[in-house]
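The structure appears below as C-alpha cells.
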Amino acid sequence: MGGEEARRSRRSGTPGIVRPESRSVETVTMTEPDAEIALVPDTASSGAERYVRALIYWGELGPGDRLPSATELAAQLGISRVTLRLALKSLESTGYLVTTRGAYGGSRVSDVASLTRCWSQWIEEHAGELDDIFEFRSTVEGRLAALAAERRSDEDMVAIERALARERDQLTRSSLFQADAEIHRCIARAAHSPRLAMAMSSVRAELFLPVDQALLENRDTYVYDSHAEIVESIRDRDPERASTASLAHVEEVRELMRLAMERAGLNAPARPTRG
C-alpha cells in the first residue's frame, strides 16, 4: 500500500493493512544460553520436593516430625497424590524422609543422624555459596525490616508481636525455627513489598540450617533478643534501626553456621575481600 493510499484509508476510517511481505524480516541469531538462567521449567513434583525440603532447611520440620497425610499435603500444594508420591520418593532416596506403610504409616522427617548426614553433604557442596547467600539475605531482610517500620499497619504490628511472644516459649529446634520463620513472614507482610517477600522466601529456602540441637543452647535467648530489637524498631517506626537490627540477626545465623561447620570438622570459607 502506497503512502497516499494509506493516508486515504486512515481518513475514511478503513484500517491500512500492511502485508507481511512489505516488511523486511531479519533472522534473529540466538546467543549461547546464560549459565545462570534456568532453561528447564520446574515440574510439579520437583516444586513439591523443593517445598518440603525448604521446610526442613528452615527447621520448621525437624527430625522425626510427621508430614500431613498425602491427601492433605497434595491438596495444600494443589497437586495430585501421584505427583506428590514422586516428590516424597525423591526426598526419601536422598535421606530426608522415611516413609512407612500401613494404617499408621506415612512420611516423616528422618532422625537426627540421617538428617545430619544430609546437612554435612549439603554444606560440603554449598560451602562456597554461603557468603553470597548471607549477603543476599542481609540485603533483602534489612530492606524488608526498614520498609516494615515505614509501612506497617496496627494490624501488622499485632501479628508481629504475637509471633515474637510465641518464640519466647519455644524450646526445641523445630518449634524455635517455626517461630523464627513466622516472625520473618509477618515482617515481610508488614513491608507490603510482595517481590521482596518472595525473594526472602527464596533465599531462606536455599540455606540448610544446622540440625544439631546443642548449637542452640545458650543462644536461643540471643536469637529472641535480636528479634525483639527488630520488632521494637518497627514498632517505633525507625527504619534505620530496624535495618541495622536485621543485619545483626543475619550475622547471628551466620555465626551459627560457622559453629556447626567447626563441630563437623569443616572449614568455613574465608569471606571475600573487597577491593
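Every number in this text was worked out from the coordinates using simple rules, so none of it is lab data. None of the values given here were measured: they were computed from a predicted structure. A quick note on method: Cβ atoms are made from the backbone with ideal geometry, for glycine too, and the neighbour counts reach across all protein chains shown.
Exposure proxy check: I187, I79 ranked by fewest other beta carbons within 10 Å?
By the 10 Å Cβ count, ascending: I79, I187.
Output wanted: per-residue J couplings in Hz (rounded whole) for segment 247-261, from phi through Karplus 6.51 cos²θ - 1.76 cosθ + 1.60, θ = phi - 60°, x for Gly and Pro.
Calculated HN-Hα couplings, in order: 5, 5, 5, 4, 5, 5, 5, 4, 5, 4, 5, 4, 5, 5, 5 Hz.
How large is the translational diffusion coefficient of segment 115-263 in µm² per second when you combine the Kirkwood radius over alpha carbon pairs with Stokes-Einstein at 37 °C and 0.692 mPa s?
212
Given the convex hull over the Cα atoms of segment 83-128, what projected area results after averaging over all orientations, in nm²?
It is 3.9 nm².
For a quick check: sort E206, E72 by the number of other beta carbons within 10 angstrom, fewest at the front.
E72, E206
With 10 angstrom as the radius, rank T71, T94 by how many other C-beta atoms surround their C-beta, starting from the fewest.
T71, T94
Applying the Karplus parametrisation 6.51 cos²θ - 1.76 cosθ + 1.60 with θ = phi - 60° to the phi angles of segment 46-56, what ³J(HN,Hα) value in whole Hz is obtained for each residue in order, glycine and proline being reported as x?
The phi angles translate into 5, x, 5, 4, 5, 5, 5, 4, 5, 5, 6 Hz.
Tell me, what ³J(HN,Hα) does each residue in segment 185-194 have, in order and in whole Hz, if you take phi through Karplus 6.51 cos²θ - 1.76 cosθ + 1.60 with θ = phi - 60° and put x for Gly and Pro?
Along segment 185-194, the couplings run 5, 5, 5, 4, 5, 5, 6, 6, 9, x Hz.
Taking the alpha carbon gyration tensor of segment 44-110, what are the square roots of 5 times its eigenvalues, largest first, to the nearest whole Å?
So the three semi-axes of segment 44-110 are 16, 15, 11 Å.
Amide H of L97 versus every other amide H placed in the peptide plane: which residues, excluding those fewer than 5 positions away on the same chain, fall under 5 Å?
The list, which skips near neighbours in sequence, is E92, S110.
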